Amino acid sequence: MSVATPVGHLFFASPERPDGRVCTGVAEHIGLFCLVPSGQLGSGVVLSIVILVVVASGWRPRITAIPHWWISFSFYSTTNVVDGGDQVAAVVTFLLIPICVTDRRRWHWQSPVVTRQSARVVAHLSLVLIWIQASVLYLHASVSKLGVLEWRDGSAVWYWMMFPPFSVPEYMKPAVGFVLSHGPAVLAITWGTLAIEFFLAWCVFARQAVRMAGLVAGWTLHAAIAIALGLPGFSSIMFALLILYLVRPGDSIPRPLSFVTRLSEFFDVKMVELRVRKAERGQKVAEGS
């Protein structure tokens, strides 16, 4: 989002916030976008992009974990355009720190390496906290909607999709309007959203087959939100959260995610080849001397 969105939109000025930032509390002292001068927010955005590119590359998870959380926290705490996904990212990247700092791999694309028992316990407890957080998040999302009449009577999605500020794009309105002109379709979409959120909350206790069904249902829900309501940033964060929540250690890798296994195997092979070449060069140098 930082790449595709102008700095003036991420930190738009208003009478309440003339410099476009929310610098209060902890963020005032450690937030990246509060530490840089107000006239140089662009440099802060560039720095955040560089850090996140390094994080995404997979290099040294134990080193990049804290900068990853720092950027997520800084953006969530400072920007004027925050949504629920940014809050989720700030919390989850914080909970990932114990998992990453106990990870001894050079690249996170490599296969796991053996670590001390204490490190495995710390990492697993942190992962359990992410599972609980995700379950509570979806439970709250579903239960809180029941307090709104429009969600109970099945009409809420019609209002969300047809009226600003979260209406569907203009080019989609004729097709979406036609679908939502039928009462059963409105009921199915509205109550189906509640059902999926309840189901995802319950998946914390489910076996793998049920969790994989939840992964498909959750991705479908958030893909629809991204397309219909124009929230791709929020949905991409929720895609990642669902992977952490529903794909557990020891699970067989779902086919859509099998590329991760192939990539990990590729990196393992390349690392072995690199070590062999280094050893051969060292042997030749020793023989020459």
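In the stretch 146-202, how many residues are more than 30 Å from Trp131 (Cβ to Cβ), assigned to a helix (DSSP H, G or I) and not hydrophobic (A, V, I, L, M, F, W, C)?
Here is the first cut: in the stretch 146-202, the ones more than 30 Å from Trp131 (Cβ to Cβ) are 149-150, 153-155, 158-159, 161-165, 167-187.
Now restrict to residues that are assigned to a helix (DSSP H, G or I): 149-150, 158-159, 161-162, 170-180, 183-187.
Those left that are additionally not hydrophobic (A, V, I, L, M, F, W, C): 150, 159, 170-171, 173-174, 177, 183-184.
The total comes to 9.
Scan Ser264, Ser181, Ser258, Ser236 and give me the residue that is farther than 25 Å from Trp109 by Cα and either at pLDDT 90 or above or of a type outside the set (A, V, I, L, M) (or both). Let's see the steps before the verdict.
Working: Ser264 fails: farther than 25 Å from Trp109 by Cα; Ser258 fails: farther than 25 Å from Trp109 by Cα; Ser236 fails: farther than 25 Å from Trp109 by Cα.
Going through Ser264, Ser181, Ser258, Ser236 in turn, just one is farther than 25 Å from Trp109 by Cα and either at pLDDT 90 or above or of a type outside the set (A, V, I, L, M) (or both): Ser181.
Do we find a residue being under 15 Å from Val82 (Cα atoms), touching a Leu at 6+ places or on another chain (Cβ under 6 Å) and aliphatic (A, V, I, L, M) anywhere in the stretch 6-25?
yes
Just for the stretch 190-231: of the residues that are touching a Leu at 6+ places or on another chain (Cβ under 8 Å) and open to solvent by 60 Å² or more (accessible area, probe 1.4 Å), which one is nearest to Pro165 (Cα to Cα)?
Looking at residues that are touching a Leu at 6+ places or on another chain (Cβ under 8 Å) and open to solvent by 60 Å² or more (accessible area, probe 1.4 Å), I get Trp219.
Those residues that are farther than 17 Å from Leu244 by Cβ and not in a loop (DSSP other than H, G, I, E, B), I need them from the stretch 93-119; list them, please.
Pass one, the stretch 93-119, residues farther than 17 Å from Leu244 by Cβ: 104-107, 110-111, 113-119.
Trp107, Gln117, Ser118, Ala119, listed by residue number.
Within the stretch 108-154, which residues are among the small types (Gly, Ala, Ser), free of Cβ contacts under 8 Å to residues at least 60 places away in the same chain and open to solvent by 30 Å² or more (accessible area, probe 1.4 Å)?
Within the stretch 108-154, Ser118, Ser144, Gly147 meet the criteria.
Can you pull out every residue in the stretch 1-48 that is within 18 Å of Trp70 (Cβ to Cβ) and either touching a His at 6+ places or on another chain (Cβ under 7 Å) or acidic (Asp, Glu) (or both)?
Once the filter is applied, which keeps residues that are within 18 Å of Trp70 (Cβ to Cβ) and either touching a His at 6+ places or on another chain (Cβ under 7 Å) or acidic (Asp, Glu) (or both), the stretch 1-48 yields only Glu28.
The values are calculated or read from the model by the stated rules, or taken from the named source; none is laboratory data. All values reported here derive from a predicted model rather than from experimental measurement. Glycine also receives a Cβ, built like all others from the backbone with ideal geometry; neighbour counts cover every protein chain displayed. Remember, those area values only see protein heavy atoms, side chains included, never the ligands or the DNA or RNA. Shrake-Rupley method; radii C 1.70, N 1.55, O 1.52, S 1.80 Å.
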